[in-house]
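Student: Here it is, the structure, as structure tokens.
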Amino acid sequence: EKLVTKVRASSGVARYLGRVDEKTLSALYQSCSAVLFCSRFEGFGFPILEAFQNRKPLICSRSGAIPEVAQDACISVPTADSQALADAIQHVVRHPESTARLMDMGERRLQDFSWEKAGRQMHRFLLQ
């Protein structure tokens with residue numbers, strides 16, 4: 001709880017944190033208004049599923065596997081388009097009704113993923 005308060009107090013400032021422990025990561029998700037996932041070269045992208053799991057609106061780039069994983073449960077912006085990213089952030093802040101819809105879609109999308117399902121798919125692939 002103390003950590004969540006500390007993270008909230010630093011809002012308005014973007015900083016690179018590097019790798020964080022699970023407790024800090026949880027506090028960051030609890031205190032954020034949205035998750036920005038704007039990678040240029042990303043594989044699967046666990047932060048997408050973490051955003052869905054934590055019921056946070058997701059803003060992500062259109063590169064790598066990100067569009068396939070997030071599908072319509074995000075605000076998608078062109079990769080490296082800072083103005084589109086800024087517009088998406090403003091949209092999240094100004095239109096809570098649409099972010100609620102995104103969070104619902106994210107929750108439904110999350111149901112498509114599990115370690116058990118991934119294991120079954122890998123097993124089938126290896127048997128081919």
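Student: For the chain, list the DSSP H helices whose alpha carbon atoms reach 20 Å or more along the long axis and whose average Kyte-Doolittle value is -1.0 or above?
Tutor: Once both thresholds are applied, what remains is 96-110.
Student: Taking a label point 7 Å from the Cα of residue 93 along the Cα→Cβ vector, which residues of region 17-37 have an amide N closer than 12 Å to it?
Tutor: Only 33-34 fall inside the zone, counting backbone N under 12 Å.
Student: Subtracting the Cα-Cα distance from 0.36 nm times the residue separation, let me have the gained length for residue 21 to residue 124 in nm, one decimal.
Tutor: Result: 33.7 nm gained on full extension.
Student: Roll a 1.4 Å probe over the protein chains and send me the accessible area per residue for region 18-118 in Å².
Tutor: Heavy-atom accessible area per residue stands at 60 Å².
The values are calculated or read from the model by the stated rules, or taken from the named source; none is laboratory data. Just so it is clear, the model here is predicted, and its values are computed rather than measured. A quick note on method: Cβ atoms are made from the backbone with ideal geometry, for glycine too, and the neighbour counts reach across all protein chains shown. Side chains included, ligands, DNA and RNA excluded: accessible areas come from the protein's heavy atoms. Shrake-Rupley method; radii C 1.70, N 1.55, O 1.52, S 1.80 Å.
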